[in-house]
Amino acid sequence: MPASFTSKRTNLYIFLSAVFLTNALIAEIIGVKIFSVETLLGTKPAQIHLFKDFVLDFNLTAGAVIWPFVFITSDIINEYFGKAGVRRISFLTAGFVGYSFLIIYAVTTLPPAQFWLDVNAKDGVGNPININNAFQMIFRQGLGIIIGSLTAFLIGQILDVYVFHSLRKITGSQKIWLRATGSTLVSQLVDSFVVLGIAFYIFGNWSLAQVLAVGIINYIYKATSAIVLTPLLYVAHYFIDQYLGKEHAEKLANESAMSSFM
């Protein structure tokens, strides 16, 4: 291959990997916040009755907002760089997420400077606050959540790769939407329940009914997002075709598919 194409291919993988890793890391860090979808939309709480007396509203972690972009980026990497490309960035991302949590935990144990406590002793309306305690509560996540999140992430990525290329055997280079959306729907079905099961059932105090109910809501959001954001895949493919050249882009995708089938 021409040196210019090799360079462009490398730059493309670096860029996509950076987008993937950055969004995944941010999602993990901000995931501690739970927000109400009903309040955001100005509607009444759903009050869905699931599994006997368990009442559920549409509450999601803040990290769920950008996870769909992680799925899309993963599918694009899958298309052009195959199983090896996705595995490489998935394990690298998991390592960096684990490293980030270790650093964050270490930082939360540092003794606060008194002037920092004094300067931030009150909020904007004059209510007293403990800024160091707030810092710890926001950034320090439980071991169960970290283990559950990383486990679900890796299982979801491995499953996504398998389903994606199984569908590609059937569709060939056509129907990008089918293999991308299909692989996401399958992998996130597992991901949605694994992370909750480990974090809040095994390590926490949730009942199985709570895990199933919240998992269903999370999956509904992820599945809907995967379908709604499908056009972005075609936009991404268009720009990649322009960057690499359509012929080179198709050749790279076909080579990735062949290597993944072996």
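The values are calculated or read from the model by the stated rules, or taken from the named source; none is laboratory data. On a predicted model such as this, the values are computed, not experimentally measured, just so you know. All Cβ positions, glycine included, derive from the backbone under ideal geometry; neighbour counts span all protein chains shown. For the accessible areas, the whole protein counts, side chains as well, though only heavy atoms, and no ligand, DNA or RNA atoms are used. Shrake-Rupley method; radii C 1.70, N 1.55, O 1.52, S 1.80 Å.
Please build a GNM for the chain, connecting alpha carbons under 10 Å apart, and tell me which residue among 55, 125, 19 fluctuates the most.
Of 55, 125, 19, the most mobile in the Gaussian network model is 125.
Given a 1.4 Å probe and every protein chain left where it sits, what share in percent of the accessible area of the chain is carbon and sulfur?
Of the solvent-accessible surface of the chain, carbon and sulfur hold 69 percent.
At 24 Å minimum axial length over the Cα atoms and a Kyte-Doolittle cut of -0.5, report the qualifying DSSP H helices in the chain, or say none.
Membrane-span-like by this rule: 3-30, 67-108, 143-171, 176-196, 208-228.
Under the rule of -39500 (n - 2.57) per DSSP H run of 4 or more residues, summed and divided by the residues of the chain, what mean residue ellipticity at 222 nm is obtained, to the nearest 500 deg cm²/dmol?
Values: 10 runs with 192 residues, N = 262.
Mean residue ellipticity, 222 nm, calculated: -25000 deg cm²/dmol.
State, as an integer percentage, the relative contact order of the chain based on alpha-carbon contacts under 8 Å between residues 6 or more apart.
Reported as a whole number, the value is 23 percent.
Would you work out the charge dipole size for the chain about its Cα centre, treating the Cβ of every Lys and Arg as +1 and the Cβ of every Asp and Glu as -1, and quote it to the nearest 20 debye?
480
What aspartates and glutamates could a cross-link reach from residue 44, if we take a straight Cα to Cα line under 12 Å and drop same-chain neighbours fewer than 8 places away?
Straight-line reach from residue 44, under 12 Å: 57.
Check each of the GluC sites (Glu not before Pro) in region 166-262 and keep only those in coil by DSSP with at most 14 other C-beta atoms within 10 angstrom; list them in order.
none
Take the cross-link list 175/222; 169/251; 33/222; 33/83; 83/169 and give me the ones stretching past 22 Å between alpha-carbons.
Details: 175/222 20 Å; 169/251 16 Å; 33/222 17 Å; 33/83 33 Å; 83/169 14 Å.
Those over the limit are 33/83.
Determine which aspartates and glutamates satisfy two conditions relative to residue 8: a Cα distance under 15 Å, and not lying fewer than 8 residues away in the same chain.
241, 247, 250
Can you work out D for region 1-154 in µm² s⁻¹ from Stokes-Einstein, where Rh is the Kirkwood radius over C-alpha pairs, the temperature is 10 °C and the viscosity is 1.306 mPa s?
84
Charges on Cβ only, +1 for Lys and Arg, -1 for Asp and Glu, centred on the Cα centroid of the chain; of 155, 46, 121, which one is farthest towards the dipole's positive end?
155
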